[in-house]
Amino acid sequence: MTVVACLRRRDPAYPPLLAAIHDPPPQLFLRGSAGAALLDRPAVAIVGARACSSYGRSVARSLGRDLAAAGLVVVSGMARGIDGEAHRGALDGGGATVAVLGCGIDRDYPAAHAELARRIGERGVVVSEYEPGVEPAPWRFPARNRIIAGLCQATLVIEARERSGALITADFALEEGREVLAVPGEITSSLSNGTNALLRIGATPVTRVEDVLEIFGIEPARASAVVLGPTAETLLARLADGALTADEVVRASGVEPGVGAAALVELELAGRVTLEDGVYRAAV
């Protein structure tokens with residue numbers, strides 16, 4: 001691990017959005033190929049539950065991918081769950097991502113995300129206000145969240161329980177007059193309590209990537225239309241009503257299993273569906 005830079009608040013390269021918050025960190029350690037310049041680019045924070053649902057993972061990865069592909073930097077905390085999927089999506093989309101740690105810059109936390117940290121370092125940057133050797137501690141993570149919100153013009157929450165750390169990040173964003181967005185969730189799920197509460201107090205609902213891009217004044221790229229076969233169109237119409245396993249969608253569509261399997265592959269390659277834990281969903 002190499003520390004690329006240590007930015008102090010007096011340095012010209014210190015991110016201006018972060019410098020503008022109530023309590024900016026006096027120093028910021030960085031590692032990664034992109035360096036400090038990446039922190040000046042338009043950025044969106046994507047945060048949410050660690051113990052998220054397969055739906056939440058799918059949405060985080062899809063939105064992370066599409067937002068990064070549109071030119072935004074995706075910022076998150078490299079935690080398990082929503083954070084990790086947002087980073088992975090940004091990397092999948094060929095874009096850049098920033099991971100903000102709640103421990104020393106020399107640590108990959110959680111250790112299970114060491115490979116993810118390596119990938120982020122290749123195309124983005126890992127940052128921390130803590131010098132090498134500082135151990136992770138519970139109180140450091142809420143403090144870390146002010147940096148996540150502070151680096152970004154907007155914070156998007158995907159799945160959060162009532163006392164989720166993601167809501168702390170949203171609170172920091174609100175205090176600084178930044179945009180807060182939330183993905184609506186099932187009213188019967190505890191994972192939706194936090195996000196739905198944000199929507200009740202005026203957060204912008206996000207049901208498609210354009211809802212986020214609009215805040216930044218970015219026009220979504222017009223992808224060349226992919227013409228689907230009739231079987232793929234039939235399966236996609238079934239998935240518009242909700243997530244299904246391969247067997248369920250094929251049976252509901254009344255097609256031969258082999259034909260249905262080929263159509264599902266066609267839909268995946270066209271980016272029209274996502275597969276998570278054996279369940280297919282229409283892409284966001």
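The values are calculated or read from the model by the stated rules, or taken from the named source; none is laboratory data. Since we're looking at a predicted model, the values are computed, not measured. Note: ideal-geometry Cβ built from the backbone for every residue, glycine included; neighbour counts use all protein chains shown. Accessible surface areas use protein heavy atoms only, side chains included; no ligands, DNA or RNA. Shrake-Rupley method; radii C 1.70, N 1.55, O 1.52, S 1.80 Å.
Give the stretch 180-206 a look and list any residue that's part of a loop (DSSP other than H, G, I, E, B) and under 14 Å from residue 170 (Cβ atoms), or say none.
183, 201, 202, 203, 206
Conditions first: (1) assigned to a loop (DSSP other than H, G, I, E, B); (2) in contact (Cβ under 8 Å) with a residue 24 or more places away in the chain; (3) open to solvent by 40 Å² or more (accessible area, probe 1.4 Å). Residue 219 passes all but one, so which condition is the exception?
(2)
Can you go through 229, 260, 254 and tell me which one is at pLDDT 85 or above, over 18 Å from residue 62 (Cα atoms), buried (at least 18 other Cβ atoms within 10 Å of the Cβ) and of a type in the set (Gly, Ala, Ser)?
Working: 229 fails: buried (at least 18 other Cβ atoms within 10 Å of the Cβ); 254 fails: buried (at least 18 other Cβ atoms within 10 Å of the Cβ).
Selected residue: 260, the only one of 229, 260, 254 that is at pLDDT 85 or above, over 18 Å from residue 62 (Cα atoms), buried (at least 18 other Cβ atoms within 10 Å of the Cβ) and of a type in the set (Gly, Ala, Ser).
Can you report the number of residues in the stretch 145-177 which are without any contact (Cβ under 8 Å) to a residue 60 or more places away in the chain, over 17 Å from the mean Cα position of the chain (by Cα) and either closer than 25 Å to residue 30 by Cβ or not in a helix (DSSP H, G or I) (or both)?
Of the residues in the stretch 145-177, 3 are without any contact (Cβ under 8 Å) to a residue 60 or more places away in the chain, over 17 Å from the mean Cα position of the chain (by Cα) and either closer than 25 Å to residue 30 by Cβ or not in a helix (DSSP H, G or I) (or both).
Report, by residue number, each residue of the stretch 44-76 that is under 20 Å from residue 16 (Cα atoms) and surrounded by fewer than 24 Cβ atoms within 10 Å (Cβ to Cβ).
Passing the criteria: only 71.
Can you name the strands (runs of 3 or more DSSP E) wholly within the stretch 30-110 that have at least 2 residues being closer than 14 Å to residue 156 by Cβ, of a type in the set (Val, Ile, Thr) and in contact (Cβ under 8 Å) with a residue 40 or more places away in the chain?
Once the strands (runs of 3 or more DSSP E) in the stretch 30-110 are filtered for at least 2 residues that are closer than 14 Å to residue 156 by Cβ, of a type in the set (Val, Ile, Thr) and in contact (Cβ under 8 Å) with a residue 40 or more places away in the chain, what remains is 43-48, 73-76.
Does the stretch 30-38 contain any residue that is open to solvent by 70 Å² or more (accessible area, probe 1.4 Å) and within 25 Å of residue 161 (Cβ to Cβ)?
No, the stretch 30-38 contains no residue that is open to solvent by 70 Å² or more (accessible area, probe 1.4 Å) and within 25 Å of residue 161 (Cβ to Cβ).
Of everything in the stretch 85-97 that's among the small types (Gly, Ala, Ser) and surrounded by 24 or more Cβ atoms within 10 Å (Cβ to Cβ), which residue is nearest to residue 112 (Cα to Cα)?
Here the answer is 86.
For the list (1) under 29 Å from residue 213 (Cβ atoms); (2) open to solvent by 10 Å² or more (accessible area, probe 1.4 Å); (3) assigned to a helix (DSSP H, G or I); (4) not hydroxyl-bearing (Ser, Thr, Tyr), I need the number of the one condition that residue 114 fails.
Unmet for residue 114, out of (1) under 29 Å from residue 213 (Cβ atoms); (2) open to solvent by 10 Å² or more (accessible area, probe 1.4 Å); (3) assigned to a helix (DSSP H, G or I); (4) not hydroxyl-bearing (Ser, Thr, Tyr): (1).
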